[in-house]
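Engineer: First the structure, then my questions, so here it is.
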Amino acid sequence: MIAPIIRTKAELRSMVKGWQKAGEVVGVVPTMGALHDGHLSLVAAAKAGCDRVIVTIFVNPRQFNNPSDLENYPRTEGQDAQKLERFDVDALYVPGPAEIYPDTFATTVSVAGLTDVLCGAHRPGHFDGVATVVTKLFTQTRAERAFFGEKDFQQLQVVRRLSADLDLDVDVVGCPTIREEDGLAMSSRNLLLSDRARVKAPALHAAMVEMAEGLRAGGSAFRLAEAAKAKVLAAGFTEVEYLDLRANEDLRILDRPEGDCRLLAAAWLAGVRLIDNIAV
Ligand code: PAF
C-alpha cells in the first residue's frame with residue numbers, strides 16, 4: 001500500500017494521537033530521502049518492532065556546511081514513496097521547511113564531547129543541525145522507537161546521547177550497515193559517484209578490513225592507519241579525512257582494541273565524501 005504522505009505536523013499529530021490512544025507503539029525512521037536498501041532495512045526493523053511506522057523525509061539544510069553539497073543532495077520523493085510501498089508503512093512524513101524551521105525558530109540542540117571529533121571536527125555545525133532536526137522529528141512524531149543505521153555511527157551515538165540527556169524517552173535502535181556486493185557501504189551519496197569513481201569506491205572498506213586484521217594480529221592502530229590511508233589514496237581517493245580506531249561509547253581514540261571499538265573513516269573520492277566504519 002502507498003503510504004499516505006503527510007506534510008504538516010498538525011496532520012501528523014492527529015494521526016499519531018489516534019494510534020497512541022489505541023495503545024499502539026509508534027516507530028520512526030528519519031531519513032533525508034534518496035532511499036536505498038540500507039534505509040529499507042531500517043524500515044523492515046521498524047515494522048518488526050512497532051505497531052505503526054512513520055518514515056520521514058526532510059533534507060535538513062542545517063546539517064550541511066557546504067551549500068553545493070545541499071544543492072546536489074539527491075531528491076527523489078516519488079521513487080522513495082514507491083520503494084516504501086511493499087513495507088506498508090503507516091505514514092510518510094515529508095514536512096516543508098516551515099514545519100521544521102518556522103521564521104521565529106531560534107533553538108539549537110548541541111551535544112558536547114562526542115561531536116568534537118571525526119565528522120564533527122571536519123564538518124563544523126553538522127551535528128548541531130542533526131541533533132536539532134532529530135529532536136524536532138522525535139517531538140513531532142511522538143515516536144517511542146527510532147531506527148538509525150550504524151553506518152553513521154557517530155550520528156547514532158549523538159542521537160542516543162541527546163535522547164537520554166533530554167529525557168525524550170525514545171528507544172534509539174542501531175541497525176547494521178548494509179553493503180553492496182563489493183563491500184561499499186550503501187549511502188545516498190553513492191548516487192553522486194561517476195561510473196569510474198564507483199569502481200574505486202570499495203577500496204576504502206577493503207583497506208579498513210585489512211587494517212582490522214592487522215589490529216587483531218596485535219598491530220598499532222596509529223601505524224596501521226598510515227599504511228591503510230596510503231592504500232586508499234593509491235586507489236584514487238583524493239583525501240582521507242580520518243581513519244581512526246575509537247571506543248564505541250565515547251569515541252575516544254585508541255591505539256589498540258579495547259572493549260567495544262571500531263574503525264571509522266571518512267574520505268573523498270571524485271568530489272564525494274564517503275564515510276564507513278567496521279567493528280573490530
Ligand atoms: O542520517 C540522515 O539521513 C540524517 O542525518 C537524519 C538522521 C535524517 C537527520 O537529518
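The values are calculated or read from the model by the stated rules, or taken from the named source; none is laboratory data. Note that the structure is a prediction, hence the values are computed from the model and not measured. A quick note on method: Cβ atoms are made from the backbone with ideal geometry, for glycine too, and the neighbour counts reach across all protein chains shown. Ligands, DNA and RNA are stripped out before the accessible areas are found, and what is left, the full protein with its side chains, is counted by its heavy atoms. Shrake-Rupley method; radii C 1.70, N 1.55, O 1.52, S 1.80 Å.
Engineer: Please give the length that would be gained between ARG75 and GLU11 if that part of the chain were fully extended, namely 0.36 nm times their separation in residues minus their C-alpha to C-alpha distance (nm, one decimal).
Structural biologist: 20.7 nm
Engineer: Another question, then. Could you compute the net charge surrounding ARG216? Neighbours are other residues with a C-beta less than 12 Å from the C-beta of ARG216; K and R count +1, D and E count -1.
Structural biologist: -1
Engineer: As I understand it, the value is the acute angle between the Cα axis of helix 221-234 and the longest principal axis of the Cα atoms of the chain; what does it come to in degrees, rounded to 10?
Structural biologist: For helix 221-234, the angle is close to 90 degrees.
Engineer: Of the heavy-atom accessible surface of the range 6-56 (probe 1.4 angstrom), what whole percent is carbon and sulfur?
Structural biologist: Its accessible area is 53 percent carbon and sulfur atoms.
Engineer: How big is the dipole moment of the chain about its Cα centre under a simple scheme where the beta carbon of each Lys and Arg is +1, that of each Asp and Glu is -1, and everything else is neutral? Debye, nearest 20, please.
Structural biologist: Details: 32 positive and 38 negative charges, 49 e Å.
Using Cβ point charges on Lys, Arg, Asp and Glu, the chain gives about 240 debye.
Engineer: Can I ask one more? Given a Förster radius of 25 Å and the C-beta distance between GLN20 and ALA48 as r, what FRET efficiency does 1/(1 + (r/R0)^6) yield to the nearest 0.05?
Structural biologist: Values: r = 20 Å, r/R0 = 0.79.
The computed FRET efficiency comes out at 0.80.
Engineer: Could you state the accessible area per residue of the range 42-127 in Å², with a 1.4 Å probe and every protein chain left in place?
Structural biologist: Roughly 48 Å² per residue, with all protein chains present.
Engineer: Then there is this: How far is it, in nm, from the label point at ASP260 to the one at ALA217 when both lie 7 Å from their Cα along the line to the Cβ?
Structural biologist: Calculated label separation equals 2.9 nm.
Engineer: Then there's this: Roll a 1.4 angstrom probe over the protein heavy atoms and tell me the percent of accessible area of the range 74-136 that is carbon or sulfur. Write down the numbers at each step before the final one.
Structural biologist: Working: 1430 of 2880 Å².
Answer for the range 74-136 is 50 percent, counting heavy atoms of protein chains only.
Engineer: Given the peptides 57-69, 35-47, arrange them by the average over their residues of other C-beta atoms within 10 Å, most packed first.
Structural biologist: 35-47, 57-69
Engineer: For GLU239, GLU77, write out the residues from largest to smallest accessible area, computed with a 1.4 angstrom probe and no ligands counted.
Structural biologist: Ranked from most to least accessible, the order is GLU239, GLU77.
Engineer: Still on this structure, I have one more. Using 0.36 nm per residue of separation minus the Cα-Cα distance, give me the extension gain between ASP169 and ASP37 in nm, one decimal.
Structural biologist: Difference between extended and current length: 44.7 nm.
Engineer: Here's a follow-up. Could you provide, to the nearest whole Å², the per residue accessible area of the range 232-275 with probe 1.4 Å? If you can, show how the numbers build up before the last one.
Structural biologist: Details: 1850 Å² over 44 residues.
Heavy-atom SASA per residue in the range 232-275 reads 42 Å².
Engineer: Given the protein chains as shown and a 1.4 Å probe, how many square angstrom of MET1 are accessible, to the nearest 10?
Structural biologist: 130
Engineer: Still on this structure, please answer the following. Lysines near LYS21 by alpha-carbon distance under 23 Å, same-chain residues fewer than 8 away left out - which ones?
Structural biologist: Partners found: LYS9, LYS47, LYS136.
Engineer: Can you give me the % of accessible surface on the range 147-267 that is carbon or sulfur? Probe 1.4 Å, all protein chains present, nothing else counted.
Structural biologist: That fraction is 48 percent.
Engineer: Then there is this: By how many degrees, 0 to 90 and rounded to 10, does the Cα axis of helix 126-141 deviate from the longest principal axis of the chain?
Structural biologist: Rounded to the nearest ten degrees, it is 30.
Engineer: Over all directions, the average projected area of the alpha-carbon convex hull for the chain comes to how many nm²?
Structural biologist: Averaging across all directions leaves 14.7 nm² for the Cα convex hull.
Engineer: Also, I was wondering about something else. Positive end of the charge dipole of the range 1-157 (Lys, Arg +1 and Asp, Glu -1 on Cβ, about the Cα centre): tell me which of LEU156, GLY38, THR104 has its Cα farthest that way.
Structural biologist: THR104
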